[in-house]
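Peer 1: Take this structure first; my questions come after.
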Amino acid sequence: MKAIGLFLREIRIEHTLFALPFAYVGAILAARGIPPVGALGWITLAVVGARTAAMAANRFLDREIDSRNPRTARRALATGDLSPGTMLWASAAGLALLLWAAWMLNPLCLKLVPIAALLLLVYPLCKRFTWMTHFVLGAVDGLAPLGAYIGIAGRVTLPALLLFAAVTIWVAGFDIIYALMDVGVDRAQGIRSLPARFGEASGRVLPIALHAGMLLLLAGAGILGGAGRTYFLGVLSVAILIIYEERLLRSGDNIFVVNERVFISNMTFSVVFLITTLGGYA
């Protein structure tokens, strides 16, 4: 049981709460109401499988980088508490779960699995080559609402693509804030991140602009997708999130404290947005 707990902590299973509510949002917009329970179950398994595969691959590929960073040096692969093979098996199992869930949803979902798998496994390598890595991570999470929409509708539409774009820049925004904790270490190790490349000020300004873009994209998805009125209360909550983040980033507080608050506020936002989307069809 201890090993299982350690593994779940390593892959940050709680981070599924970022992608899963937006996957349900995609499904609700596609169905224009509450989707079939069975389909929601397969969507849930697809998100869990994809998230597990991505995080396990990340931990495996970054184990040496993590061991050289004081903030991450106590991660289980860096310390040897878990073997690299554990993460390889976990990544394979996650991909298998994703493949099974996509197969049970519809043929188009199944055809798109190779694209999703490529993004999931390539993302951890991107930080070695490009500061655009934040947007690759965002695209990985953006696949959740896009895939869920396709899982219900069986086709790709403009509202689905707008949801994908919105989640992509949303996640990229708070991942840039996350990277502020490692600017010095990243530069020393040659790790690419936007703050390491363009300076800490960029990491405090660009996320706000990205989240403003998310607001517009979500509004567009709701209008074109025929969302109910309460959906737009969720869009309004983006403005509240932006104001809160801007004050946090301007406060001068310890960046580790700022990141903890950004994490909690964004996770809360994703749940609120799901509730307001659902309320439009209640």
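The values are calculated or read from the model by the stated rules, or taken from the named source; none is laboratory data. None of these values were measured; they are calculated from a predicted model. All Cβ positions, glycine included, derive from the backbone under ideal geometry; neighbour counts span all protein chains shown.
Peer 1: Within the group LEU88, LEU61, LEU45, which residue is aliphatic (A, V, I, L, M), closer than 18 Å to ALA144 by Cβ and modelled with pLDDT of 85 or more?
Peer 2: Going through LEU88, LEU61, LEU45 in turn, the sole match is LEU45.
Peer 1: Continuing with this model, one more query. May I ask you to list pairs of residues, at least six apart or on different chains, whose Cβ atoms are under 9 Å apart, with the first in segment 204-227 being within 21 Å of ASP253 (Cβ to Cβ) and at pLDDT below 95 and the second being among the polar types (S, T, N, Q) and surrounded by fewer than 21 Cβ atoms within 10 Å (Cβ to Cβ)?
Peer 2: Every condition considered, no pair remains.
Peer 1: List the helices (runs of 4 or more DSSP H) inside segment 177-264, counting only whole elements, that have at least 3 residues being under 18 Å from the mean Cα position of the chain (by Cα).
Peer 2: 200-224, 231-250
Peer 1: For segment 32-48, which residues satisfy the criterion of being under 23 Å from GLY228 (Cα atoms), surrounded by fewer than 17 Cβ atoms within 10 Å (Cβ to Cβ) and small (Gly, Ala, Ser)?
Peer 2: The answer is GLY33, and nothing else.
Peer 1: Can you report the number of residues in segment 124-141 which are under 17 Å from ASP186 (Cα atoms) and either β-branched (Val, Ile, Thr) or surrounded by fewer than 20 Cβ atoms within 10 Å (Cβ to Cβ) (or both)?
Peer 2: Residues flagged as under 17 Å from ASP186 (Cα atoms) and either β-branched (Val, Ile, Thr) or surrounded by fewer than 20 Cβ atoms within 10 Å (Cβ to Cβ) (or both) within segment 124-141 amount to 7.
Peer 1: Next question. For SER91, all conditions in the list (1) crowded, with 19+ Cβ neighbours inside 10 Å; (2) touching a residue at least 60 places away in the same chain (Cβ under 8 Å) hold save one; what is the number of the exception?
Peer 2: Evaluating SER91 over (1) crowded, with 19+ Cβ neighbours inside 10 Å; (2) touching a residue at least 60 places away in the same chain (Cβ under 8 Å) leaves (2) as the failure.
Peer 1: Picking from ARG51, ARG75, which residue would you name as being touching an Asp or Glu at 6+ places or on another chain (Cβ under 6 Å), buried (at least 18 other Cβ atoms within 10 Å of the Cβ), charged (D, E, K, R) and touching a residue at least 40 places away in the same chain (Cβ under 8 Å)?
Peer 2: Sole residue among the options that is touching an Asp or Glu at 6+ places or on another chain (Cβ under 6 Å), buried (at least 18 other Cβ atoms within 10 Å of the Cβ), charged (D, E, K, R) and touching a residue at least 40 places away in the same chain (Cβ under 8 Å): ARG75.
Peer 1: So is LEU110 surrounded by fewer than 18 Cβ atoms within 10 Å (Cβ to Cβ), closer than 23 Å to ALA165 by Cα and under 20 Å from the mean Cα position of the chain (by Cα) or not?
Peer 2: So LEU110 fails the test.
Peer 1: Now for a separate question. Hey, can you tell me all the residues within segment 128-151 that are part of a helix (DSSP H, G or I) and β-branched (Val, Ile, Thr)?
Peer 2: Of everything in segment 128-151, those that are part of a helix (DSSP H, G or I) and β-branched (Val, Ile, Thr) turn out to be THR133, VAL136, VAL140, ILE150.
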